[in-house]
Amino acid sequence: MHPAELVIWLLVFLLGASVSSFLNVVAYRLPKGESFVYPSSHCPHCQRPLRPLDLIPVASWLWNRGQCRYCKARIHLRYLLVEIIGGAGFVWIYNEIDGAGSLILAVSLFCILLTVTLTDLSYRLIPNRILYPAYVYFYILMLLFSERTWWEPLAGFLFGGGVLLAVAMIAERFYAQAMGGGDIKLMALVGLVLGIKQTLLCLFFSSLLGAVIGLVLIALRILKRQEGLPYGPFISLAAWIIFLYGQAIMQGYMQLYV
Ligand SMILES: [Zn+2]
């Protein structure tokens, strides 16, 4: 590999880590109705604002060994993990996606899926204040940058939301509440971006992922049987994989039958 390529990778990684660090703040503050622009980043324990050097993602966490450098309180591992995932995600996009339009679509999708994953993990909530503007924003992106007709995203939207709504209504008759409204609305957004066929794949993958990981966590006694897992992170992960590789997966599947 050319050294210049390595430098570009590093820059792309740092960009992704910084963006995800901001999204982490959004995901933490927005459901509580706090502004995510003001106050600027500060230590959650001693409230001291962070200096520019503290804002270098990943490196500052490692350098300070996961502690605030003023009050020595522990900074949660989540901050480091989110930055690494964001950085790796941007490098992943940089390697997989060509063309400005596709790049904008991919980065936007990655950011929104990461944000709703974080709100769902922290609060078991996917805020409408994120989803509703996202419907409009992604519909415009689909019209501008995808090869789909104007109605395909709308059909996918109705399909994704409709299937989960039906599942939720049936499940509610037999069990307790199985799915939140946020999951249904998130799947509608996924449908808008992926279209009907790939959304079907996403429904399948996300429930499989949720079931397997749920069983593993129960077996390891990390999770109690009755607790249930938030579904949003699984929808997000499945949607992301299918956004990148859905076409290849479906072609491979078709070839089994030819
Ligand atoms: Zn502190």
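The values are calculated or read from the model by the stated rules, or taken from the named source; none is laboratory data. Nothing here was measured: the structure is a model prediction, and the numbers come from that model. Ideal geometry is used to build each Cβ from the backbone, glycine not excepted, and the neighbour counts take in all protein chains shown.
Consider only pairs whose beta carbons are under 8 Å apart and that are at least six residues apart or on different chains; among these, list those whose first residue lies in the stretch 48-73 and is more than 17 Å from residue 14 (Cα to Cα) and assigned by TED's automatic domain parsing to the domain that holds residue 85 and whose second residue is more than 10 Å from the ligand (Cβ to nearest atom) and part of a loop (DSSP other than H, G, I, E, B).
Pairs that qualify, where the first residue is more than 17 Å from residue 14 (Cα to Cα) and assigned by TED's automatic domain parsing to the domain that holds residue 85 and the partner is more than 10 Å from the ligand (Cβ to nearest atom) and part of a loop (DSSP other than H, G, I, E, B), are 49/39; 49/40; 49/41; 50/40; 50/41.
Kindly indicate which of 29, 65 is in a helix (DSSP H, G or I) and among the basic types (Lys, Arg). Reasoning before the result, please.
Numbers: 65 fails: in a helix (DSSP H, G or I).
That would be 29, the only listed residue that is in a helix (DSSP H, G or I) and among the basic types (Lys, Arg).
Which numbered condition trips up residue 40, out of (1) modelled with pLDDT under 90; (2) surrounded by 15 or more Cβ atoms within 10 Å (Cβ to Cβ); (3) on the phi < 0 side of the Ramachandran plot?
(2)
All but one of (1) within 16 Å of the ligand (Cβ to nearest atom); (2) loosely packed, with under 14 Cβ neighbours inside 10 Å; (3) assigned to a helix (DSSP H, G or I) hold for residue 71; which doesn't?
All conditions pass for residue 71, except number (3).
In the stretch 32-61, what residues are under 22 Å from residue 107 (Cβ atoms) and in a helix (DSSP H, G or I)?
Matches in the stretch 32-61: 55 only.
Considering only residues that are among the polar types (S, T, N, Q), in contact (Cβ under 8 Å) with a residue 24 or more places away in the chain and over 10 Å from residue 31 (Cα atoms), which ones fall in the stretch 92-121? Give the steps one after another, and end with the answer.
Taking the stretch 92-121 first, the residues among the polar types (S, T, N, Q) are 95, 102, 108, 115, 117, 119.
Those still in the list that are in contact (Cβ under 8 Å) with a residue 24 or more places away in the chain too: 102, 108, 115, 117, 119.
Once the filter is applied, which keeps residues that are among the polar types (S, T, N, Q), in contact (Cβ under 8 Å) with a residue 24 or more places away in the chain and over 10 Å from residue 31 (Cα atoms), the stretch 92-121 yields 102, 108, 115, 117.
Whether any residue in the stretch 89-100 is aliphatic (A, V, I, L, M), over 21 Å from residue 193 (Cβ atoms), more than 16 Å from the ligand (Cβ to nearest atom) and assigned to a loop (DSSP other than H, G, I, E, B) is what I want to check. Working first, answer last.
Residues of the stretch 89-100 that are aliphatic (A, V, I, L, M), as a first pass: 91, 93, 97, 100.
Filter again for over 21 Å from residue 193 (Cβ atoms), leaving 91.
Then keep just the ones that are more than 16 Å from the ligand (Cβ to nearest atom); that gives 91.
Okay, now just the ones that are also assigned to a loop (DSSP other than H, G, I, E, B), so none.
Looking for residues that are aliphatic (A, V, I, L, M), over 21 Å from residue 193 (Cβ atoms), more than 16 Å from the ligand (Cβ to nearest atom) and assigned to a loop (DSSP other than H, G, I, E, B), one finds none in the stretch 89-100, hence no.
Need the failing condition index for residue 13 against (1) away from the ligand (no atom under 16 Å from the Cβ); (2) in contact (Cβ under 8 Å) with a residue 24 or more places away in the chain; (3) over 27 Å from residue 131 (Cα atoms); (4) not small (Gly, Ala, Ser), just the number.
Unmet condition: (3).
Considering only the stretch 87-96, I want to know if a residue exists there that is touching a Pro at 6+ places or on another chain (Cβ under 8 Å), among the small types (Gly, Ala, Ser) and under 25 Å from residue 7 (Cβ atoms).
For the stretch 87-96, residues touching a Pro at 6+ places or on another chain (Cβ under 8 Å), among the small types (Gly, Ala, Ser) and under 25 Å from residue 7 (Cβ atoms): present.
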